[in-house]
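The values are calculated or read from the model by the stated rules, or taken from the named source; none is laboratory data. Quantities reported herein were computed from a predicted structural model and do not represent experimental measurements. As a convention, Cβ positions derive from the backbone with ideal geometry for all residues, glycine included, and neighbour counts pool all protein chains shown. The area values use the complete protein model at the heavy-atom level, side chains included, leaving out ligands, DNA and RNA. Shrake-Rupley method; radii C 1.70, N 1.55, O 1.52, S 1.80 Å.
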Amino acid sequence: MGNYYQQELECAPREKIKAIQDEGLVKTVKKVYENVEYYRKKMDEKGVKPEDIKSQEDLYKLPFLTKEDLREAYPYGLMAEPLENCVRIQSTSGTTGRRVVAFYTQHDIDLWEECCARAIMAAGGTNKDVVQVSYGYGLFTGGPGLNGGSHKVGCLTLPMSSGNTDRQLQFMTDLEATIICCTPSYAAYLAESIYERGIRDKIKLKAGIFGAEAWTEEMRQDIQDKLGIKAYDIYGLTEISGPGVSFECEEQTGMHINEDHFIAEIIDPDTGEVLPEGSVGELVFTSIDKEAFPLLRYRTRDICVLSREKCSCGRTHVKMSKPMGRSDDMLIVKGVNVFPSQIEQVLLQKGLTSNYQIIVDREKNSDTIEVLVEMTSELFSDSVGEITAKEKDVVAGLKSMLGIYAKVRIVEPKSIIRSEGKAVRVIDRRNLYKK
């Protein structure tokens with residue numbers, strides 16, 4: 001049995017969770033219909049009224065919201081509270097088009113921070129821990145969310161933000177940080193830097209809470225081995241609150257969704273139809289207790305599976321698998337569905353780093369795919385012939401994983417630009433030809 005921040009809720013019987021969800025849903029639908037003209041129009045178009053929603057069994061009747069809706073309603077079109085009741089905005093780290101902006105009342109921030117506190121305690125955190133928050137602060141939700149969660153647990157909080165590796169390592173060693181929160185790619189980078197400086201014995205970390213980008217089991221093992229920690233996944237999205245929508249417990253077999261705040265559904269991304277328990281599909285969230293910015297049936301574009309198998313940690317909330325890809329960033333190359341995570345899996349299996357970039361192009365009307373991957377320090381001293389042999393080995397591995405030929409180039413360490421927010425994994429040059 002692990003640490004809980006709010007045991008009576010995290011381990012509540014299913015009937016109690018369902019009652020909380022049904023009551024919250026009915027209340028939220030009524031509130032949104034009365035206060036949000038944008039969504040009211042969508043409901044009217046679908047011919048659905050608040051009184052048609054009596055429990056979550058009626059959820060399917062409601063219209064979906066997508067990122068396009070958020071852009072269209074920008075900035076204030078989806079707010080459900082008057083401006084004077086709101087105390088903060090956060091915004092997505094996406095760079096394309098109009099930004100997505102989410103609003104919070106103080107109550108919303110408290111609930112969000114409680115979700116992050118649950119995640120920290122599920123990773124073994126207590127008020128005796130020193131938590132180094134190395135997610136970006138500012139508009140990005142990573143820093144503020146885990147910072148608030150860490151305060152709620154009572155940990156000594158180091159609000160580092162991302163970047164400035166020298167300073168990260170100085171504070172990590174001097175203040176003996178025990179839990180690190182950052183993106184998995186930055187965790188891998190910090191691990192590299194710790195080894196280069198020979199300070200592995202000065203590091204007191206026991207756990208890491210890593211999210212905001214996709215990462216594989218192989219990458220998790222790699223980070224755990226290098227830092228001697230347990231690496232926990234955390235999931236969230238600005239539109240729904242930020243990190244802490246779901247989080248892993250010590251079982252590390254999927255992330256518990258905070259079902260007393262959010263209802264999760266899995267739909268067929270093409271038809272929008274709700275799929276039965278255990279199906280692979282697109283994750284959809286409905287907020288049931290947000291004040292300022294409650295979204296109903298928001299399509300995340302993340303592809304995953306939900307599981308209600310009993311968890312040894314004692315939490316009763318449904319688990320979501322790691323997202324297996326997205327219904328939108330999936331690449332179709334030569335007619336084959338390719339997820340960056342599949343490529344990463346092969347690279348790590350072949351002993352390469354998780355610093356890679358995929359370049360997709362079109363030559364003479366045919367798609368090409370090239371994978372650049374940084375060499376490890378061991379490979380650095382190898383002969384050209386050995387590196388070429390390694391490249392061929394990876395080409396064969398990718399061919400068996402994807403069913404198509406991908407060119408592979410092993411490049412010098414640190415030559416692929418690192419992102420401290422989200423790594424730019426894919427460059428699709430074919431888009432340039434779309435008029």
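Within the range 51-69, being part of a helix (DSSP H, G or I) and surrounded by fewer than 17 Cβ atoms within 10 Å (Cβ to Cβ) holds for E51, D52, E57, D58, Y60, K61, E68. The residues of the range 23-45 that are in a helix (DSSP H, G or I), surrounded by 13 or more Cβ atoms within 10 Å (Cβ to Cβ) and out of contact with any Phe, Trp or Tyr (no Cβ under 8 Å at 6 or more places or on another chain), listed by number, are E23, G24, L25, V26, K27, T28, V29, K30, K31, N35, Y38, K42. When we screen V371, V394, V408, V424 for residues that are modelled with pLDDT of 90 or more and either within 27 Å of the chain's Cα centre (by Cα) or assigned to a loop (DSSP other than H, G, I, E, B) (or both), the only hit is V371.
Conditions (1) part of a helix (DSSP H, G or I); (2) under 23 Å from E250 (Cβ atoms); (3) in contact (Cβ under 8 Å) with a residue 60 or more places away in the chain, marked per residue:
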| position | (1), (2), (3) |
| --- | --- |
| E176 | no, yes, no |
| I180 | no, yes, no |
| S185 | yes, no, yes |
| A191 | yes, yes, no |
| D201 | yes, no, no |
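Among the residues of the range 404-414, is any touching a residue at least 24 places away in the same chain (Cβ under 8 Å), of a type outside the set (A, V, I, L, M, F, W, C) and open to solvent by less than 60 Å² (accessible area, probe 1.4 Å)? The answer is yes, given that some residue of the range 404-414 is touching a residue at least 24 places away in the same chain (Cβ under 8 Å), of a type outside the set (A, V, I, L, M, F, W, C) and open to solvent by less than 60 Å² (accessible area, probe 1.4 Å). For the range 341-354, a tally of residues being outside any loop (DSSP other than H, G, I, E, B) and open to solvent by 10 Å² or more (accessible area, probe 1.4 Å) returns 5. With the structure loaded, tell me whether Q357 is open to solvent by 50 Å² or more (accessible area, probe 1.4 Å), within 30 Å of S161 (Cα to Cα) and not in a loop (DSSP other than H, G, I, E, B) or whether it fails that test. Judged against the criteria, Q357 is not a match.
Filtered by the rule that a residue be among the β-branched types (V, I, T) and without any contact (Cβ under 8 Å) to a residue 60 or more places away in the chain, the range 23-40 gives V26, V36. Where strands (runs of 3 or more DSSP E) fall entirely within the range 268-340, those with at least 2 residues that are open to solvent by less than 20 Å² (accessible area, probe 1.4 Å) and not small (G, A, S) are at 281-287, 298-304, 331-333. Condition first: open to solvent by 20 Å² or more (accessible area, probe 1.4 Å) and out of contact with any helix residue (DSSP H, G or I) (no Cβ under 6 Å at 6 or more places or on another chain). Can you find one or more residues in the range 255-263 that meet it? No, the range 255-263 has no match at all.
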